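The block underneath contains the structure these notes are about, expressed in structure tokens.
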Amino acid sequence: MADRMKQLLTKTKGDKVIWGVVLVLSFISLLAVYSSTGSLAYRMEKNSSYYLIKQVMVLGLGLLIIYWVHNVNYTKFARIAVVMYLLSLPLLLYTLFFGTSLNEGSRWIRLPVIHLTFQTSDLAKLALFMFLARVLSIKQAVIKDFRQGFIPVLVPMLLTCALIAPANLSTALMLGFTCSILFFIGRVQVKHLMLMALVGLMGLTLLFAISKLTGFGRATTWEQRIEDFAVGKKKESKHPDVYQVEQAKIAIANGGLTGRGPGRSLQKNFLPHPYSDFIFSIIIEEYGLAGGAAVMMLYLLFLWRSILIFKRCPFAFGAFLAVGLSITLVFQAMLNMAVNVHLVPVTGLTLPMISMGGSSIWFTSVAIGIVLSVSKYVDEMEGERKNMAKVAAEQVKENGAQAGNVQNEPSETPAELKPKKVPRVKTATITLPTG
């Protein structure tokens, strides 16, 4: 067993800090899910450990996915990105009209035979950022041009967001914002980004108007959430979102600085979904503001390490891939935390790698695995460059020593025994492509 673990650790490559962050987040998830699912287990007549065991299995498979994906050369994802993106569009369209409805939104597809449900938006997010990283890397030479550079990256984003928005507006807005950051990093002109924001605003207005007139979409829910967020403190409301926010604020107030202790949350018995959307408030109640700040720092640490990978990667596709996937993951986490502390309206976004889930954790694991794949390639390339430089330096040193020995030989050495002129050895260099 010990030998197998050593072999596994030897084959585990990539950024060690990111690996550590993922393991710590997984451990926090087990603690939080086990604590927050007691009332759910009671209602569903399950054993108190049922959801813990389920989460262990989900996270275990997620870690295996990360390990498997990080061993794949990231350049292969450039070809996979096109197929995944083209597959995601009809799936989103099917979900919009025929998907399984949960919590007032048609966001899920139920797979036949195995009866597993998954959000097609999770697949679409992953596919979109992989595809945009590919297009941005190809179009770097003409990225400043509106028709040749900007339109090819704008259209895929608009199509995906337009198909997600009617049933899941918060995810569509998150995608639009994170794509804007990726475009800015990819040297898209600011005036083009401003035009994209204007088009997005017009699209939101049109979507809201169509939804109000036809009843298709969730205009009433969006309007209610914004109203509750804006004037919720000034009026009594029986809307479920207001109730959840109030219970979350009570949990945070009960937690204080150091928390009530593991498993001692009170509000988990009152929050409708303390194990998913509002799990962060349960973490604060049990581990205090210090625990909540520690969770936030873990996500920021993940983002920082991904930015370092972006700066070290000499190829545009790998750089955009790493930073794009990490930004969307961390931004989703920050939005979830902001909802829990009532800084933004309720969105329905989960806390990545911590909230109880299945397919959402697995898609997140794929994204993390891709980031680690880029990191692994960068480490290997830098290692090869250092080895080549070391070998070249040793050759130069060895040839220099040989030249010194030649100069110290007696002058009476016969001419036929004198060594030939030693050729000059140049230090090996590696030219790294920039695109």
* Out of 25, 40, 9, report the one residue that is within 28 Å of the chain's Cα centre (by Cα) and either of a type in the set (D, E, K, R) or at pLDDT below 95 (or both). => 9
* **Identity of the residue in the range 41-58, part of a helix (DSSP H, G or I) and basic (Lys, Arg), that ends up least open to solvent (accessible area, probe 1.4 Å)** => 54
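How many residues are among the aliphatic types (A, V, I, L, M) and outside any helix (DSSP H, G or I) if we restrict to the range 294-313?
We begin by selecting, within the range 294-313, every residue among the aliphatic types (A, V, I, L, M); these are 294-298, 300-301, 303, 307-309.
Of the ones still in play, those that are also outside any helix (DSSP H, G or I) are none.
The qualifying residues number 0.
Provide a single number: the residues in the range 261-289 that are surrounded by fewer than 18 Cβ atoms within 10 Å (Cβ to Cβ) and not in a helix (DSSP H, G or I). Lay out the reasoning, then the answer.
In the first step, residues of the range 261-289 are kept if they are surrounded by fewer than 18 Cβ atoms within 10 Å (Cβ to Cβ); the result is 261-264, 266, 269-270, 272-273, 289.
Now restrict to residues that are not in a helix (DSSP H, G or I): 261-264, 266, 270, 272-273.
Matching residues across the range 261-289 total 8.
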* To do: Go through the range 8-40 and count every residue that is assigned to a helix (DSSP H, G or I), in contact (Cβ under 8 Å) with a residue 60 or more places away in the chain and farther than 30 Å from residue 270 by Cβ.
  => 6
* Asked: Can you spot a residue in the range 374-389 that is assigned to a helix (DSSP H, G or I), among the hydroxyl-bearing types (Ser, Thr, Tyr) and either more than 20 Å from the chain's Cα centre (by Cα) or at pLDDT 90 or above (or both)?
  -> yes
* Does any residue in the range 166-195 that is in contact (Cβ under 8 Å) with a residue 40 or more places away in the chain come within less than 6 Å, Cβ to Cβ, of a residue that is surrounded by fewer than 23 Cβ atoms within 10 Å (Cβ to Cβ) and basic (Lys, Arg) six or more places away or on a different chain, and which pairs are these? -> 189/144
* Structure fact -> Expected output for the range 202-221 (first residue closer than 23 Å to residue 98 by Cβ, partner polar (S, T, N, Q) and open to solvent by 40 Å² or more (accessible area, probe 1.4 Å), Cβ below 6 Å, 6+ apart or cross-chain) is none
* Asked: Among all residue pairs at least 6 apart or on different chains, which show Cβ distances below 6 Å where the first residue, located in the range 239-264, is in contact (Cβ under 8 Å) with a residue 60 or more places away in the chain and the second is part of a helix (DSSP H, G or I)?
  -> 241/225; 241/228; 248/281; 248/340; 252/281; 252/284; 262/286; 263/35
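Specify which of the listed residues (306, 281) is closer than 30 Å to residue 153 by Cβ, hydroxyl-bearing (Ser, Thr, Tyr) and modelled with pLDDT of 90 or more.
Values: 281 fails: closer than 30 Å to residue 153 by Cβ.
Criteria check complete, one pass: 306.
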* Being within 23 Å of residue 228 (Cα to Cα) and either outside any helix (DSSP H, G or I) or charged (D, E, K, R) (or both) is the filter here, so list the residues in the range 325-373 that pass it. => 341, 342, 343, 344, 345, 346, 347, 348, 349, 350, 351
* To do: Determine, yes or no, whether residue 403 is open to solvent by 10 Å² or more (accessible area, probe 1.4 Å), assigned to a helix (DSSP H, G or I), at pLDDT 85 or above and out of contact with any Phe, Trp or Tyr (no Cβ under 9 Å at 6 or more places or on another chain).
  => no
* Structure fact -> Considering residues that are open to solvent by less than 40 Å² (accessible area, probe 1.4 Å) and under 28 Å from residue 13 (Cβ atoms), the number found within the range 304-354 is 25
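The values are calculated or read from the model by the stated rules, or taken from the named source; none is laboratory data. Note that this is a predicted model, so its numbers are computed, not measured. With ideal geometry, Cβ positions are generated from the backbone for all residues, glycine too; neighbour counts draw on all protein chains shown. SASA here: full protein model, heavy atoms, side chains in, ligands and nucleic acids out. Shrake-Rupley method; radii C 1.70, N 1.55, O 1.52, S 1.80 Å.
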